[in-house]
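Worksheet: the structure to be examined is printed underneath.
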Amino acid sequence: MSGTAYDVLIIGSGAAGLTAALALAETKRVLVLAKGDLHSGSTAWAQGGIAAVLDAGDTFENHIRDTMVAGAGLNRRETVEFVIENAPRSIERLIELGVPFNREGKDLHLTREGGHSHRRIVHVADATGWAVQAALLKAAEDNPNITLLPGRACIDLVTGRHGERFSGNGRVWGAYALNEVTGKVEKHLARATVLASGGAGRVYQFSTAPRGATGDGIAMAWRAGCRVSNMEMMQFHPTCLYNLEVKNFLVTEAVRGEGGRLYNPVTGERYMEKYDPERMELAPRDIVARANDDQIKRYGLDYVHLDISHQPPEFVREHFPTIYEKLLGLGIDMTKGPIPVVPAQHYTCGGVLIGLDARTDLPGLWAAGECTESGLHGANRLASNSLLECFVFGEAAAKDILECWDELSDPPATKDWDESRVTDSDEEVVIKQNWTEIRRFMWNYVGIVRTTKRLERAAHRIKLLTNEVDDYYGHFRVTTDLIELRNLLQSAELIVKSALARHESRGLHFTLDYPETLDQARDTVLVP
Ligand code: FAD
Ligand code: SIN
């Protein structure tokens, strides 16, 4: 029994956080904090599904190879093996939790996505994430050892620096969090902390990620002293709906997996033939996203066309009910004609560096899911490998914490949040202006195709804004918007620094100044 109210603090209530919570709660008292509501992360938005070798004709080696081909050789093989070999067990556990995966007779129905040489994606129609999030949340709500506190925006990790007597070490003891209802900053202490706070997609103007994907965990860990790696590897999804009102609706890659084709709306050309004649629309995501971007820029288009209307209408409605309904509401009938699509930021491949035990550089801090760089994705994530990583590393974090529990001591006396020198902001417009500015220049200067000059321009803007935001942060009471702005800026800095450090093009990092791929794949590791 520890002296704090909870044994373990988990930051994030998505697939990674709740998986860890459920595994820990057999013996530990777990507190889960979430910014906004409990299903506000990317997990609930996942469409396509979860990759796992479940078909007799498929092998782990196939899945490993596909993952490493997509990742352009930057993956760490031992991580890839670890995750892929644990995938079938993760799916079993989700079935036990009641996730109603689609079936074909008694077997699970397996769909296909880009970069996969076999059908191996289990799914719940085209709304897999919603079903997974609901099942995990239900299990967590039913568990008396888990307390779920939504509406808590963590600001920073509590470390040795915050001890009443400075201990000088980076041991993590929990986090300071803004209660979004009362406006007060709370201190949540625990013997172990798990960061499961998702990605940083919202650093880009166009992103499929939810509003809260502002890189908070990555920035908090970096400020506390963790290394981060491969932050330049930002994944762009090739097919986000182009619509003037609905800005970030994904059209799942499974549409291409089930036969969808890409066309230039002006010339009518099925252009993937030119970019990847063998794999066509099922080439890995970086290749298809670059092809779409190239067509749009070359022909001055607003969008390209994704067309699956050659398949029987019943087939389309059955496989993609959510997308079909959503598009119909916008006046697009995907059974009859093409869908206008554009590339948009989709996934953060880089993040807090972790090992197979989900440990970070700091004692007392574990991390799992999209906020991490585990070595699974390398230079480009293979479709539907992300939820899988959340389950496997959520479990790994829990296992390691339980194994070393007796070595983890209770938190010492630590300082409360000090608000004595700040006042309420009278200039909220500053936050809005800076949010918009960051997201614009990141899209324009640090997007799908990069140059050193554009990256340097972005670095210059980041430096100016950092001075402004630091000054603002030092004078005014924190709000969720301010916390997010600070973290977006920090994430942008890490992305640009990493991009400038990579003198080659590999996977998602494509620069006109270094178009070649070097013989040896090296991680970009930033040290605080
Ligand atoms: P998330 O699910 O994003 O959860 C993050 C949690 O952290 C949230 O609870 C949030 O509130 C909390 N949080 C964040 N900041 C703070 C803070 N400061 N304080 C407190 N709490 C905080 N992957 C697949 O494998 N298959 C798919 O089909 C698929 N489809 C996708 C479709 C879309 C539209 C998107 C955007 C992503 C998709 N992905 C897919 C990727 C996948 O959904 C995510 O990578 C994965 O869900 C991330 O899970 P997570 O637990 O790491 O974080
Ligand atoms: C999709 O359904 O296209 C997204 C799958 C993923 O991001 O893995």
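For this structure, a couple of remarks:
- Relative contact order, percent, segment 120-212 [alpha-carbon distance under 8 Å, six or more residues apart]: 16
- Maximal additional length on extending the Ala56-His460 stretch stands at 140.1 nm, based on 0.36 nm per residue less the C-alpha distance.
- Amide N of segment 196-215 lying under 17 Å from the label point, which is placed 7 angstrom from the Cα of Asp302 along Cα→Cβ: 206
- Only the Cβ atoms of Lys and Arg (+1) and of Asp and Glu (-1) were treated as charged; on that basis the dipole of the chain about its Cα centre amounts to roughly 800 debye.
- With a Förster radius of 56 Å applied to the beta-carbon distance between Lys274 and Glu427, the computed FRET efficiency rounds to 0.65.
- Furthest towards positive pole of dipole, His118, Pro277, His503, structure part the chain, Cβ charges: His503
- Distance between the pseudo-spin-label points of Thr322 and Asp294 (7 Å out from Cα toward the beta carbon): 3.2 nm.
- Evaluated over segment 98-145, the Cα radius of gyration and Dmax, each in Å: 13.5, 43
- Here the residues Phe441, Phe236, ranked from fewest to most Cβ neighbours within 10 Å of their Cβ, fall in the order Phe441, Phe236.
- Estimated FRET transfer efficiency when R0 is 22 angstrom, pair Leu330-Arg211 (beta carbons, to 0.05): 0.60
- Counted residue by residue at 0.36 nm each, then reduced by the alpha carbon distance between them, the extension gain from Leu512 to Asn467 reaches 13.2 nm.
- Only one residue of Thr239, Ser42, Ala254 has its Cα farthest out toward the positive end of the dipole of the chain, where Lys and Arg carry +1 and Asp and Glu -1 on Cβ, and that residue is Thr239.
- Taking the C-alpha atoms only, the angle from helix 128-142 to the longest principal axis of the chain is near 30 degrees.
- Here the dipole of segment 382-528 is about 1020 debye; that uses its Cα centre as origin and unit charges on the Cβ of Lys and Arg (positive) and Asp and Glu (negative).
- Top positive-direction residue, dipole computed over segment 396-528 with Cβ charges, set Ala413, Thr452, His475: Thr452
- Cβ crowding within 10 Å, taken as a proxy for footprinting-reagent exposure, orders Ser197, Ser40, Ser374, Ser409 from fewest neighbours to most as Ser409, Ser40, Ser374, Ser197.
- Between Phe315 and Thr436, the contour length at 0.36 nm per residue exceeds the alpha carbon distance by 39.5 nm.
- Principal-axis tilt of helix 480-501 within the chain, Cα atoms, nearest 10 degrees: 60
- Taking the fewest neighbouring Cβ atoms within 10 Å as the starting point, the ordered list for Val122, Val266 is Val266, Val122.
- Nonlocal amide H pairs with Val158, under 5 Å, H built at 1.01 Å: Trp173, Gly174, Ala175, Tyr176
- Phi-based couplings in Hz for segment 87-94 (Karplus 6.51, -1.76, 1.60; Gly and Pro marked x): 4, x, 5, 5, 5, 4, 5, 5
- For Thr414, residues with placed amide H under 5 Å, excluding near neighbours: Glu164
Quick note: the coordinates plus some simple rules give every number you see, no bench work behind them. Every value quoted in this text rests on a predicted model; they were computed, and no experiment measured them. Quick reminder, even Gly has a Cβ in these numbers, built from the backbone with ideal geometry, and neighbours come from all protein chains shown.
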